[in-house]
Amino acid sequence: MSTEPLSRRVPPMHALAAFEAAARLGGFAQAAEELCVTPSAVSHRIRQLEQQLGMQLFERAPTGVRLTTGGRLYLVRVREAFVALAGAGRSDAAGRVRLRVSAPPTFARQILMPRLPAFLQERPEIDLEVHVGNSLLAEVTEPADVAIRWSDGKALEGVFHRLFDDRIGPLAAPQYIAAHGLRTVEDVVAAPLLRSPLLPWRPWFQAAGLTRPEPERGAAFNDLGMLLEAACAGLGVALSTRRLAAAWLDSGRLVPLTDITAASPNSYYVTCASADQDRPEVAEFMDWLREGLAG
């Protein structure tokens, strides 16, 4: 049995992280960007790892790098170790499992929360943490095992699935409609249009046969729930997907102004990192959410 300290026999974590990122992303430059270091730092860390292991992990060429056979075998072991380390803080001796979910605020309140009791009844061993995520950021700001993202799907990474399709259309409070005599499409576009960077007006303009540019004036909100509440308060006309606005529509606080709708340019996606997709609690939560919202 070796008497050498374990810290000297185990490769440095920063070297293992550089190796895994370069293998997953296909290059040192891409790994450097993800790890917020320089490509030369990634190259140095991987050479340090190769020296300690006594084996070459990558074949280097002017066009990029490619894993050697030994590198591919070692990558499997590194990923298994990373998964084990990640899982160390997610469960305890009593069999409890922690699941962290990030979701945009309005989705969390209107769609996720009413459904969570059913999921937790089926999985009572899960300790659930729900974090509110900013829909405008490309990445979640807190660690999450599963993230709900409002996106067109183009910039998503890892494993992701669209939860449902939806239609968008203008909504307003009944009193506001009556007070301003909103009856036609022309009346709608002449009214104060509430804005959000999450949901532009232009797709609906096009569906209504209008060539108007995106509104540049009027109140703007970075949360769709605030946008709908602003419409309820009589600040103007809101554009929203019908499914997200269901609670406001069902209560009669908001009503559609026209039958003309357009396909929403963004949708809600459920996502996770590729390394987490086989964790039972992650896979079951994602499948449960997709099945519950299908159709």
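Residue pairs, Cβ under 8 Å, 6 or more apart or interchain, first in the stretch 276-295 and β-branched (Val, Ile, Thr), second in a helix (DSSP H, G or I). List them. Close Cβ pairs satisfying both conditions: Val282/Asp276. Scanning the stretch 18-37 for residues that are in contact with a Ser or Thr (Cβ under 9 Å, 6 or more places away or on another chain) and among the aromatic types (Phe, Trp, Tyr) yields one hit, Phe28.
I'd like the residue in the stretch 261-295 that is touching a Lys or Arg at 6+ places or on another chain (Cβ under 6 Å) and of a type in the set (S, T, N, Q) and, out of all such residues, is modelled with the highest pLDDT. Filtering the stretch 261-295 for residues that are touching a Lys or Arg at 6+ places or on another chain (Cβ under 6 Å) and of a type in the set (S, T, N, Q), the one modelled with the highest pLDDT comes out as Thr261.
The combined condition, being over 18 Å from Phe164 (Cα atoms) and not β-branched (Val, Ile, Thr), is not fulfilled by Leu244.
For the condition at pLDDT 90 or above and either surrounded by fewer than 13 Cβ atoms within 10 Å (Cβ to Cβ) or under 20 Å from Asp250 (Cβ atoms) (or both), Ala179 qualifies.
The values are calculated or read from the model by the stated rules, or taken from the named source; none is laboratory data. On a predicted model such as this, the values are computed, not experimentally measured, just so you know. When we count neighbours, we look across all protein chains shown, and the Cβ atoms used for this are built from the backbone with ideal geometry, even at glycine.
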